[in-house]
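This report refers to the structure that appears directly beneath it.
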Ligand code: MN
């Protein structure tokens, strides 16, 4: 018997090769933290029912959010939309923002968090910020860059540092920050790299990929450790 907290992980959608899936690195990072992942499939008619089963949730990296959700124009570098995944994640984020269940959004995850709560996105980082700080390899793939974390943020307490190197693989980023969210980390070029929600016990989105380096980088593993600890601490109220 184990009492590992259950961590709901929203799988990538069916338009990603016709399979719902989640990379093993996320599963490994959650298990190292003492949690047990439970995959949620996009398209569930009543996600609140799924959320009642778990102690925390994670949103994964993935494709671009449909620009129609934030009044965007679309960009040639963007991938095809996945309406089922967008709709499910937006629904889940709004439920969790109004409650107390811990939520960690990763890469696409932080972008959907912002859009779900009324924010907008830069549809191509290089157009707005240039390429002084590469945020992904060209045309796709990971690069490392530094992030600078705000003092007095939950993120600073979680990471235990105000400056760290991260694995980055994104071409979009937060533009107008949604009401209720605050920026807690940026890259050297000013790109928003993390947000959190004041008044919520544990609601953090990061633009980078902590799961990629967490096995060898204790600072990045702390994001998953802190999420599972918050899940375990029962700061959680019912989802209604
Ligand atoms: Mn970045």
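Structure summary
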{"quantity": "Where labels lie 7 Å past Cα in the beta-carbon direction, separation of residue 162 and residue 128 in nm", "calculated": "2.5"}
{"quantity": "All-pairs Cα distance distribution in segment 1-155, expressed in whole percent, bin size 10 Å", "calculated": "10, 36, 37, 15, 1, 0"}
{"quantity": "Mean ellipticity per residue at 222 nm, deg cm²/dmol - from DSSP H runs of n ≥ 4 across the chain, formula -39500 (n - 2.57)", "calculated": "-8000 deg cm²/dmol"}
{"quantity": "Antiparallel content of DSSP bridges confined to the chain, in %, to 5", "calculated": "55"}
{"quantity": "Using distinct alpha-carbon pairs, which all enter the 1/r mean, Kirkwood radius of segment 92-240 in Å", "calculated": "15.4"}
{"quantity": "Most to least packed among 176-185, 113-122 [average Cβ atoms within 10 Å]", "calculated": "113-122, 176-185"}
{"quantity": "Calculated over segment 71-175: convex hull of Cα atoms, volume per residue (Å³)", "calculated": "124"}
{"quantity": "Most to least packed among 4-14, 163-173 [average Cβ atoms within 10 Å]", "calculated": "4-14, 163-173"}
{"quantity": "Most to least packed among 24-34, 220-230, 63-73 [average Cβ atoms within 10 Å]", "calculated": "220-230, 24-34, 63-73"}
{"quantity": "Percentage relative contact order, segment 72-136, counting C-alpha pairs under 8 Å, at least six apart", "calculated": "41"}
{"quantity": "q = 0.18, 0.22, 0.23 Å⁻¹: log10 I(q)/I(0) that the Debye formula gives for segment 1-87, counting C-alpha atoms only", "calculated": "-0.84, -1.09, -1.14"}
{"quantity": "Reduced Cα scattering model of segment 140-227, Debye log10 I(q)/I(0), q = 0.11, 0.22 Å⁻¹", "calculated": "-0.27, -1.13"}
{"quantity": "Binned Cα-Cα distances of segment 179-230, short to long, each 5 Å bin given as a whole percent", "calculated": "5, 19, 23, 25, 20, 8, 1, 0"}
{"quantity": "Value of relative contact order over the chain, rounded to a whole percent, pairs C-alpha under 8 Å and six or more apart", "calculated": "22"}
{"quantity": "Fraction in percent of alpha-carbon pairs per bin - 5 Å, segment 90-134", "calculated": "5, 19, 23, 21, 12, 9, 8, 3"}
{"quantity": "Cα centroid separation - segment 36-95 against segment 137-208, whole Å", "calculated": "19"}
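Any read-out appearing in this document is the output of simple, stated calculations on the displayed coordinates, not a laboratory observation. Treat the numbers as computed from the prediction; the structure is a model and nothing was measured. All Cβ positions, even for glycine, are placed from backbone atoms using ideal geometry, and neighbour counts span all protein chains on display.
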